[in-house]
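Coordinate-derived values only; no laboratory data. Quick caveat: nothing in here was measured; it's all calculated off a predicted structure. Using ideal geometry, Cβ is built from the backbone for each residue, glycine included, and neighbour counts are taken over all protein chains shown.
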Amino acid sequence: MAHIRLENIRKVYDRQVEAVRDIAFEVERGEFVVLVGPSGCGKSTVLRIIAGLESITEGALYIDGRAMERVPPRDRDVAMVFQNQVLYPHMSVFDNMAFGLKLRGYGKEAMQRRVREAAELLGVEAILDRKPEQLSGGQRQRVAVGRAIVRKPRIFLFDEPLASLDAGLRGKMRAELSKLHARLGTTMIYVTHDQIEAMTMGDRIVVLDKGRIQQIDTPGALYRRPANRFVAGFIGNPPMNFIEGRLVGGTGGGPAFEAKGGTLRIPLAESRHAPAASRIGQAVTLGIRPEDIRPPTDTPPESPVCEADFLLDAVEYMGREALLRVRTGAQDVRVRIAAQALPPANHTVRLALDLNALYFFDRRTGARLHPG
Ligand SMILES: Nc1ncnc2c1ncn2[C@@H]1O[C@H](COP(=O)(O)OP(=O)(O)OP(=O)(O)O)[C@@H](O)[C@H]1O
Ligand SMILES: [Mg+2]
């Protein structure tokens with residue numbers, strides 16, 4: 001188990017491509033931290049820097065308090081698993097897993113014990129004699145993880161290790177890796193572009209976009225208190241709706257949000273929406289998640305809502321639930337509802353927006369308007 005600290009790390013490739021900047025976070029001993037973000041945001045760069053496979057342009061990296069600047073990868077006691085981990089094709093599963101130990105001069109008995117332990121943990125005891133070509137994709141990834149485990153490193157780094165697997169197997173392996181973390185207690189950093197993977201596995205999540213950290217938080221906090229529009233739109237599936245409009249006030253009641261080009265007008269409560277209400281006259285973006293818009297009849301009696309009419313474009317039936325694609329003016333909104341009594345398309349539907357579930361974002365910077 002190890003503690004990791006990144007101090008304002010900046011990485012420039014080839015003297016001109018700035019891959020990441022101002023990367024600062026800590027990973028506690030035994031913690032499972034996920035780095036998540038869209039393709040090209042710098043996830044692999046950060047991971048490779050920790051492993052020692054990339055140099056740091058500016059900033060510093062510490063593992064257990066020790067600066068890593070001059071420590072080569074093999075002396076960092078870090079194991080990394082990649083997306084398409086290449087196994088040695090001519091070696092058996094056993095030999096693939098034992099290879100790293102052999103290089104480090106382990107004796108035969110110790111090697112066998114460690115490989116058997118890891119194989120049992122990963123459920124690959126029965127295939128130790130096979131060659132990689134005789135394995136399924138999931139089995140191959142398990143062996144790749146096994147090869148990392150046998151070394152008992154103080155840190156595991158995973159770079160999209162499940163990306164090439166189909167959805168079902170990915171879900172299963174996800175659960176297995178979480179269990180593995182619980183059993184080994186090793187510090188782990190896991191990179192993925194899949195927000196569901198991040199939400200289900202991470203103790204904490206570091207959200208990256210365009211080489212910068214957007215937010216670091218627990219899954220629950222990212223979902224309930226996103227720092228900005230990027231995080232709000234990235235975490236959650238289907239994603240949060242964003243409706244452009246402006247804050248109006250004064251005449252005829254208190255402050256309200258008025259959607260652009262539509263009839264949607266949401267009165268704001270001073271207590272609940274104070275930071276937004278102080279921006280009367282400004283253009284803002286309203287955010288609301290698809291599950292926080294419901295048919296008025298499905299609304300819990302105690303929750304404050306605002307009812308409004310929307311034009312229903314399409315209904316996507318998904319079994320227990322349905323996704324409605326509706327519009328206010330020219331702005332599309334998605335609504336997730338229980339799939340009973342679905343309304344017909346191309347009609348007006350009345351829906352209730354949960355006033356406790358509104359988010360407001362600065363139109364220009366994307367920052368969320370109400371803190372906390
Ligand atoms: N060796 C390199 N030389 C030059 N530019 C690079 C190099 N490696 C990465 N980059 C650039 O740095 C940025 C970050 O790349 P990185 O591989 O860290 O992204 P990523 O988040 O892992 O993306 P993906 O999800 O596609 O794997 C990208 O713009 C990429 O093109
Ligand atoms: Mg990558």
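In summary, the helical segments of the chain meeting the span-like criteria, namely a full DSSP H run, a Cα extent along the axis of 20 angstrom or more and a mean Kyte-Doolittle hydropathy of at least -1.0, are 108-122, 167-184. DSSP beta bridges confined to the chain are antiparallel in about 75 percent of cases. Extent of the range 107-250 along its three principal axes (Cα atoms, max minus min coordinate, largest first): 81, 29, 24 Å.
Going by C-beta contacts inside 10 Å, put ARG170, ARG350 in order with the fewest on the left.
In order of increasing Cβ crowding within 10 Å: ARG350, ARG170.
Based on Cα coordinates alone, diagonalise the gyration tensor for the range 320-372, multiply each eigenvalue by 5, take square roots, and list the semi-axes in whole Å, largest first. Don't skip to the end; give the middle numbers.
On the way: eigenvalues 151, 42, 17 Å².
Whole-Å semi-axes of the equivalent ellipsoid: 27, 14, 9.
Here the Kirkwood formula, the inverse mean of 1/r across different C-alpha pairs, assigns the chain a hydrodynamic radius of 23.4 Å. Loop only per DSSP, at most 14 neighbouring Cβ atoms within 10 Å: give me the GluC sites (Glu not before Pro) in the range 190-268, ordered by residue number. Answer by residue number: there is no such site.
Give me the base-10 log of I(q)/I(0) for the range 158-211 at each q in 0.23, 0.26 Å⁻¹, Debye formula, one uniform scatterer per Cα, rounded to two decimals. Log-scaled intensity ratios, in q order: -0.95, -1.18.
A simple count of charges around SER136, restricted to other residues whose Cβ falls under 15 Å of its Cβ and scoring Lys, Arg +1 and Asp, Glu -1, yields +3. Let me see the P(r) profile for the range 275-332: every Cα-Cα distance counted, bins of 5 Å, each bin given as a percent of all pairs. Taking every Cα pair in the range 275-332, the percentages come to 4, 12, 20, 23, 20, 13, 5, 3, 1.
I'd like the projected area of the range 241-362, averaged over all directions, using the convex hull of its alpha carbons. Report it in nm² with one decimal. Write down the numbers at each step before the final one.
On the way: hull surface 29.6 nm².
Mean shadow area of the hull around the Cα atoms is 7.4 nm².
Any of LYS102/LYS210; LYS152/LYS210; LYS43/LYS179 with alpha carbons more than 30 Å apart? Name them for me. Before the final figure, lay out the partial values.
Values: LYS102/LYS210 41 Å; LYS152/LYS210 34 Å; LYS43/LYS179 24 Å.
Violating the 30 Å limit, Cα to Cα: LYS102/LYS210; LYS152/LYS210.
Measuring between their Cα centroids, the range 119-144 and the range 52-118 lie 18 Å from each other. Cα centroid separation, the range 197-228 to the range 291-359: 27 Å.
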